[in-house]
Amino acid sequence: MSCNRVEYKRLKDFDYHDFCNWVWASANMVPFMSLLEKDGFEYADGGMGNIVPIAEAINLGATIIDVIVLKTEKPGLKKRPVKNAFELTTRTFDFMLNQIIVDDLLIGNLISKHNKIHLNFYHPPEMLTKNSLIFEPGLMKLWWQQGYEYAQNNSPFCKCIEPEITSL
């Protein structure tokens with residue numbers, strides 16, 4: 001946020017504690033969450049800069065990329081009318097994030113075809129939540145299990161992988 005640009009961080013370049021900070025910064029959706037203050041700079045993203053960094057993965061040398069898209073392939077449902085300023089703000093952010101996702105996927109697809117990169121896309125079979133700002137560990141664990149089972153039944157790449165379920 002301090003320099004108005006996207007930065008990419010790799011696990012191998014940081015110790016565990018620093019990388020946890022970068023994961024936190026990446027998940028922070030301003031203005032709903034706090035900024036990470038680190039080394040005299042403020043960091044936040046929540047996908048506002050780049051949700052699906054396919055182009056960056058290709059730039060770093062990836063030749064096979066698995067993309068987990070948390071929206072279904074089916075068109076979205078019509079939303080009910082906005083009733084207050086907070087709902088309007090969250091709806092606006094959701095709209096902007098959706099457009100960034102669409103752009104990231106389109107650009108990633110084009111770059112991958114040009115560079116002969118193999119992309120695997122995985123979508124949930126149904127909409128998981130109407131509000132991604134709510135964190136419910138039990139529900140998220142259920143979604144993970146449902147997604148795993150769906151992938152096992154629908155993707156040839158996932159049929160032989162055993163799950164590693166950990167507590168949230």
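Listing for the model above:
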{"item": "Where a residue in the stretch 12-25 is at negative phi and exposed (fewer than 14 other Cβ atoms within 10 Å of the Cβ) and its partner, wherever it lies, is assigned to a helix (DSSP H, G or I) and not charged (D, E, K, R), with Cβ under 8 Å and at least six apart", "result": "14/22"}
{"item": "Verdict on residue 78 being among the charged types (D, E, K, R), farther than 18 Å from residue 109 by Cα, modelled with pLDDT of 85 or more and out of contact with any Pro (no Cβ under 7 Å at 6 or more places or on another chain)", "result": "no"}
{"item": "Residue within the stretch 73-81 that is surrounded by 13 or more Cβ atoms within 10 Å (Cβ to Cβ) and not small (Gly, Ala, Ser) present", "result": "no"}
{"item": "Any pair with Cβ under 9 angstrom, 6 or more apart, that starts in the stretch 117-143 at a residue that is of a type in the set (Asp, Glu) and ends at one that is not in a loop (DSSP other than H, G, I, E, B)", "result": "126/146"}
{"item": "Options 55, 62: the member that is surrounded by 14 or more Cβ atoms within 10 Å (Cβ to Cβ), within 30 Å of residue 34 (Cβ to Cβ), over 14 Å from the mean Cα position of the chain (by Cα) and not charged (D, E, K, R)", "result": "55"}
{"item": "Verdict on residue 88 being of a type in the set (A, V, I, L, M), farther than 19 Å from residue 124 by Cα and exposed (fewer than 12 other Cβ atoms within 10 Å of the Cβ)", "result": "yes"}
{"item": "The stretch 114-140, residues that are under 24 Å from residue 90 (Cβ atoms), at pLDDT 85 or above and more than 15 Å from the chain's Cα centre (by Cα)", "result": "136, 137, 138, 139"}
{"item": "Residue 48 within 24 Å of residue 111 (Cα to Cα), under 14 Å from the mean Cα position of the chain (by Cα) and surrounded by 15 or more Cβ atoms within 10 Å (Cβ to Cβ)", "result": "yes"}
{"item": "Filter pass, residue 54 being in contact with an Asp or Glu (Cβ under 7 Å, 6 or more places away or on another chain) and over 21 Å from residue 93 (Cβ atoms)", "result": "yes"}
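The values are calculated or read from the model by the stated rules, or taken from the named source; none is laboratory data. Just so we're clear, the structure is a prediction, and the values are computed from it rather than from any experiment. Backbone-built Cβ (ideal geometry, glycine too); neighbour counts: all protein chains shown.
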